[in-house]
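Since every read-out is calculated from the coordinates, none of them should be taken as a lab result. Since the model is a prediction, treat every value here as computed from it, not as a measurement. Glycine gets a Cβ as well: all are built from the backbone with ideal geometry, and neighbour counts include every protein chain shown.
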Amino acid sequence: MIILNTAVTITWNLPPTESVYAAGVWDLLTNTPDGLSSYADNLTEDNYVAPTEITAGSITVTFTFTQGGLHKLTLSTGTADAYTRISENLINVIVPTTTQSISARY
């Protein structure tokens with residue numbers, strides 16, 4: 001679980017491939033708990049290590065979630081209308097609450 005308004009770094013591992021991908025081919029589909037979705041083209045955030053034929057790569061993105069509940073993040077390629085899912089993460093964001101201790105006298 002992630003706490004609301006806390007920065008979180010997510011890393012997707014990319015398997016070795018014969019195709020060399022530039023950082024700009026990766027996109028991110030975000031679905032929020034209220035049912036809204038957004039599609040970010042040309043994801044080049046933070047850190048990208050391109051996979052090669054022999055070695056795996058990775059892409060790292062930092063988020064700050066501002067809404068509590070279950071979020072779905074989908075790493076993809078393509079366009080908002082026609083994309084290929086590469087990997088999905090479900091992230092539960094919790095909203096901290098304040099508690100008071102109650103002392104009883106007997």
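Under 5 Å from the amide H of V93 lie the amide H atoms of I2, G69, L70, H71, each residue being 5 or more positions distant or on a separate chain, with H modelled from the backbone and absent for Pro and chain starts. Relative to the current alpha-carbon distance between M1 and D81, full extension at 0.36 nm per residue lengthens the span by 25.7 nm.
Between S38 and T11, residue separation times 0.36 nm minus the direct Cα-Cα distance comes to 7.8 nm. Mind checking which of T97, G35, T79 is farthest towards the positive end of the chain's charge dipole, using Cβ charges of +1 (Lys, Arg) and -1 (Asp, Glu) about the Cα centre? Final value for the positive-end residue is T97. In order along the stretch 76-85, phi translates into HN-Hα couplings of 8, 10, x, 10, 4, 8, 9, 10, 10, 6 Hz, rounded to whole numbers, per the Karplus curve 6.51 cos²θ - 1.76 cosθ + 1.60 with θ = phi - 60° and x for Gly and Pro.
The spread of Cα positions in the stretch 2-83, taken along each principal axis and listed from longest to shortest, comes to 40, 28, 16 Å.
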